[in-house]
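The values are calculated or read from the model by the stated rules, or taken from the named source; none is laboratory data. Computed from a predicted model, the values in this text were never measured in an experiment. Counting neighbours? That spans all protein chains shown, and the Cβs are built from the backbone with ideal geometry, glycine included. Ligands, DNA and RNA are stripped out before the accessible areas are found, and what is left, the full protein with its side chains, is counted by its heavy atoms. Shrake-Rupley method; radii C 1.70, N 1.55, O 1.52, S 1.80 Å.
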Amino acid sequence: MSAIVQPVPVGIGRRVGRHALDWIPAVIIFALGIAAWQGLVVVFHVQDFLLPKPTSIATAFWHDKHVLWSEGVYTFKEALGGFALGSGLGIAVALVFAAWRPLGGVFMPYAVAANAIPIIAFAPIMNDWFGLLNPFSKMAIAALLCFFPVMINTLRGLTSVHPSSVELMRSYAAGRARLFRHVRIPNALPHLFTGLKVATVLSMIGAIVGEYFGGPTSALGVSILNASSYGRFTDAWAGIVMASAFGILFYALVAMAERLTTSWHPSARAFRSE
């Protein structure tokens with residue numbers, strides 16, 4: 001018997017190729033921006049303390065890549081802990097507020113007011129509470145930044161269910177738990193991941209800002225602060241590049257999880273059908 005060869009869907013490769021092509025304009029703009037940065041710094045003789053050349057930053061990055069990687073991993077662990085803590089609390093509070101709407105109406109103004117306080121005001125307080133060298137002090141700052149976008153976006157998704165879906169579940173005598181499990185939570189997933197993607201960037205910002213107010217020398221924020229204080233501006237920019245790389249990687253991982261988790265969503269189906 002001859003083996004049966006399954007036809008390979010032509011559309012999959014075509015869609016993947018088209019998705020890869022979408023990144024070409026961004027890559028071109030990025031390359032042009034770096035080239036313009038290099039050229040303008042050279043032409044106008046800009047000093048390093050104002051803006052170093054990208055080639056100088058790349059050289060410093062390569063020279064200290066092992067140290068920067070170690071410092072970046074340390075800070076990323078703080079950001080990851082704050083992300084998990086703040087996002088977890090944000091999801092839990094959103095579930096409570098969605099289940100008991102009056103409770104959410106009472107506490108939401110206070111949440112908005114707390115979110116308006118600059119995070120730089122919390123950093124010294126957290127260091128006093130948990131200790132200057134305690135990683136949890138930085139995690140707490142990152143958690144504060146992550147909590148509000150995750151909570152607000154999740155609550156919006158839980159409460160923006162179409163009334164017909166709620167009435168359909170109630171016609172089947174579904175209780176509150178089944179309504180949340182089968183309707184509200186699936187509907188909230190795209191909103192949740194929107195908040196999580198914002199929180200990935202904010203967690204890195206929170207960890208580094210907390211380190212600016214004190215921390216071990218193995219922390220990336222402390223390294224950036226010390227380098228800029230002692231006039232090693234290219235080293236400081238190299239640390240900024242490492243922090244940006246970890247932030248981009250973190251964002252990409254959450255975006256990948258979103259694509260895998262919300263493939264049922266109409267926007268994802270529309271993307272596949274193109």
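Per-structure values
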quantity: Only one of 53, 65, 77 that is among the charged types (D, E, K, R) and in contact (Cβ under 8 Å) with a residue 40 or more places away in the chain; calculated: 77
quantity: Single match in 98, 140, 111, 121 (criterion: touching a Ser or Thr at 6+ places or on another chain (Cβ under 9 Å) and either surrounded by fewer than 22 Cβ atoms within 10 Å (Cβ to Cβ) or in a helix (DSSP H, G or I) (or both)); calculated: 98
quantity: Helices (runs of 4 or more DSSP H) within the stretch 167-274 that include 3 or more residues assigned by TED's automatic domain parsing to the domain that holds residue 70 and either open to solvent by 30 Å² or more (accessible area, probe 1.4 Å) or at pLDDT 95 or above (or both); calculated: 176-179, 185-212, 220-229, 233-261
quantity: Single match in 133, 68, 80, 50 (criterion: under 21 Å from residue 218 (Cβ atoms) and not in a helix (DSSP H, G or I)); calculated: 133
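Rundown of residues vs (1) touching a strand residue (DSSP E or B) at 6+ places or on another chain (Cβ under 6 Å); (2) farther than 18 Å from residue 83 by Cα; (3) aromatic (Phe, Trp, Tyr); (4) at pLDDT 90 or above, yes/no style:
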{"residue": "113", "(1), (2), (3), (4)": "no, yes, no, no"}
{"residue": "119", "(1), (2), (3), (4)": "no, no, no, no"}
{"residue": "133", "(1), (2), (3), (4)": "no, yes, no, no"}
{"residue": "136", "(1), (2), (3), (4)": "no, no, yes, yes"}
{"residue": "141", "(1), (2), (3), (4)": "no, no, no, yes"}
